[in-house]
1. What is the sum of charges, Lys and Arg at +1 and Asp and Glu at -1, for the other residues whose Cβ falls under 15 Å from the Cβ of residue 499?
2. What are the residues whose amide H is under 5 Å from the amide H of residue 402, where those residues sit 5 or more places off or on another chain and H is modelled from the backbone?
3. What FRET efficiency do you get for residue 271 and residue 65 if R0 is 56 Å and r is their Cβ-Cβ distance, rounded to the nearest 0.05?
4. Considering every pair of different Cα atoms, what Kirkwood radius, in Å, is found for segment 540-579?
5. Given segment 477-601 reduced to its alpha-carbon atoms as identical point scatterers, what log10 I(q)/I(0) does the Debye formula return at q = 0.11, 0.13 Å⁻¹?
6. Would you please state the base-10 log of I(q)/I(0) at q = 0.08 1/Å for segment 128-316, with intensities from the Debye formula using one equal scatterer on every alpha carbon?
7. Report the label-to-label distance for residue 262 and residue 327 in nanometres (one decimal), using points 7 Å from each Cα along the Cα→Cβ vector.
8. Starting at the first residue of segment 555-571, write each ³J(HN,Hα) from the Karplus equation 6.51 cos²θ - 1.76 cosθ + 1.60 with θ = phi - 60°, in whole Hz, x for Gly and Pro.
Amino acid sequence: MADDPKSQGAASGDHANAVVEKTGGVPATIPNDENADADGPPVVENSLTVFQAISKVAQSLVTTAITYALGYWRIAAVSTWVLLPLMACVSVVRDRWRETGQLRRRRRQLAAIADEKNLVTANVSELPSWVFFPDIHRAEWLNQIIKQMWPLVTVYAQNTIKVTLEPMVIESLREYKINSFSFDKLRLGSIPPKIGGVKVYDKVSRDQIMLDIDLIFASDCDISFYVSGIPCGIKDFQMRGMMRVVMKPLITISPLVGGLQVFFLNQPEIDYNLVGVADVLEMPGLNDILQKVISQQVAALMVLPNKLPIVLSKDVPTHVVKLPEPEGVLRVHIVQAKNLVAKDMSLIRKGKSDPYVTITLGAQQYKTPTINNELNPKWDYWCEFASFSPRGQVLKLKLYDEDEMVGKKHSNLGRATLQINSVVRNGDFDKWINLEDTKHGMIQVRMLWLEPTLDKNALKMALIETQELRVTNMSSAVVMVYIDSAINLPNARAQSKPDPLVRVTVGQVTQMTVGKLRTERPVYEQGFTFLVNNPETDTIEFKVIDQKTSTQLGLYIYELSALMLAEKMQVDPQPYDLIIDSKNQHHESKLVFCLQLKFLKRMPKLIDINDSANTAVKPLSRQASVQSNKSVNSTLTATEVSDDVQSSVAGVKTPTDNSMSRTPSVKSIKRDSMISHSSAGGGINDQEPLIEQTELTELLSDLPEPAPGTGPLGSIQLTLAFSVSRQRLNVTIHKVVNIPIKQASDIPDPYVKLYVLPKKENTKL
């Protein structure tokens, strides 16, 4: 007699739930499925394999042999009291590190292959994005398609990785004096990537479709390679990040989409398990070198500003899809920090730190100079980022204490994350930010958003603004370069075709194409973006170089001033004659490329029509720093101060308003205060904001200060700012005035206490 199907389903469901409870919320087994593949992912085995057991025994024998040898050579004191405990500690730390990593990777693999019911019961960090965000939709139908196509995708990916990724890894390892690298085996495993959710944007241009994909890749891959002849390997490579797909341009003929642009908004999370000889690198500190190389390769391929462009229609020119066009330029000013944590402790002097800041946007990164022995450093550091998709991109600030000791990891002083989209909406940003992942500390950051435009009047305004900032490396324009191909290149070696690549230089920035092997007619189809200081004087230098001999195969220099005279400041792809030798003789060699130039302009601040009239009339501005000075109070009256400030504000010129320094608000002037005026050329670093705001804040205390004596217990000036994204209320206490004093000799030592009370319904109006 056949069993009841319902009872079978109930029994299997109870068994699955029981397993979930034992494994901490993650299903450890896959429910039986008649349609499941026979060669699916293996089940977790807690027992050691034969190879692992032999490896542990071998390690113990090697340790014992080394200890015995040192004792035999009459250095028994060192081997007994120093070396043996040290090796034991290193072994324990290494085993704990490995077990933690294996458990984390296995948990993600199980979450990737589990069904939706069991997945919801998993750990919060492993849940897909649609669980948390209502505007992200489930994509189980897409996961089923990927699962069905994964065996075919792995064959294609193996060839792509071998041809494309291997040369890039070789180039990255050269800075570590490693000149040999080659893949031996590439098995991407049986667990396919999983889509955690899909978000489609509605407010975009009419000629494109933009969507975000939460990509989860928890593979059981097996990759082996040789580094300088030493066999190494990686297993269980895992990656998670938000991947953006832009479909443009939209066309009226099949396939209706001219091309795709695929990229990660920010650096994805990467994890892996090392095997073979490379297993010795799986230690805190040593593992950072390999992880840095892997992260660089992922960033060089698909992290903004790098994209993976795909042309889908022959009717769309290739440069339309592959020419990078930024939406704007983000100018960042790291002003200063205060109250940082002291990491360098000393018995002689008070603890200090040697702080510096790394500023990261996608794959672009800058580093400030290090200021030694300072807890309140002032960097006054400027940098610029070309932003191709500000929606969803974040600017990451990380503060470190630099250590001069070789091999010692720099200590963490805190971090901060800023949404770029808020700067685009407001036009600028000037705030003190509380550092996270540390005990205390704040950093002052200023940002300005510049948009590309064809208006030639914007160039003059941009040059004036950069001169007022007194910073020589600021940009006034952006140029997009698309290198299509080269024709009839000369041979760099006798009886051998060249291995050419193109090196493009604008100012002090150089970018290179991917090298092509043994061809005199290479096809590159790569795009680049450069920030230009002054297009009236700057040039673009193209150098075609043989990557094996470093021999120059051709040279071409393009004047940007000529590009300014072209229609819409762009030139279509066309061949240009290359200069071959030092006598500036032109041969048959040509380089095919196209250019597009745009100036940078600060756009007017957008005002929400839903805001009140007061908000539209009075935009948000940073208050001037206020310092108490009794001598000034004794000589200046309130009328004199107000008249001076009004005349100063009335005399401000237009170029100063376009700069990042702003004049103080008249409402911030107090009778007992000394006003610090800002000017176009100076005073930027001398002001300290009194208002700290976060993204999507709502000011609750932008009210006039009460007159002295109106309150029976005095008056307090404070600012409330609420962050919707972080669900955090920031309260800034500025000052308290007119506190009643009973006796002139008994001056109080005041402080302020804050209480957050539960919400109560107010029935009385």
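The numbers here are math on the coordinates, done by the rules we state, and not lab data. Worth saying up front: this structure is predicted, and the values here are computed from it rather than measured. Note: ideal-geometry Cβ built from the backbone for every residue, glycine included; neighbour counts use all protein chains shown.
1. Numbers: positive: 493, 497, 503, 516, 518, 521, 543, 548; negative: 166, 171, 520, 546.
Result for the local shell: +4.
2. Correct list: 354, 356.
3. On the way: r = 34 Å, r/R0 = 0.61.
The calculated FRET efficiency here is 0.95.
4. Values: mean 1/r = 0.0847 Å⁻¹.
For segment 540-579, inverting the mean 1/r across all distinct Cα pairs yields 11.8 Å.
5. -0.36, -0.50
6. -0.31
7. According to this spin-label approximation, the distance is 2.1 nm.
8. 9, 8, 10, 10, 7, 5, 4, 5, 5, 5, 8, 6, 5, 6, 6, 8, 10
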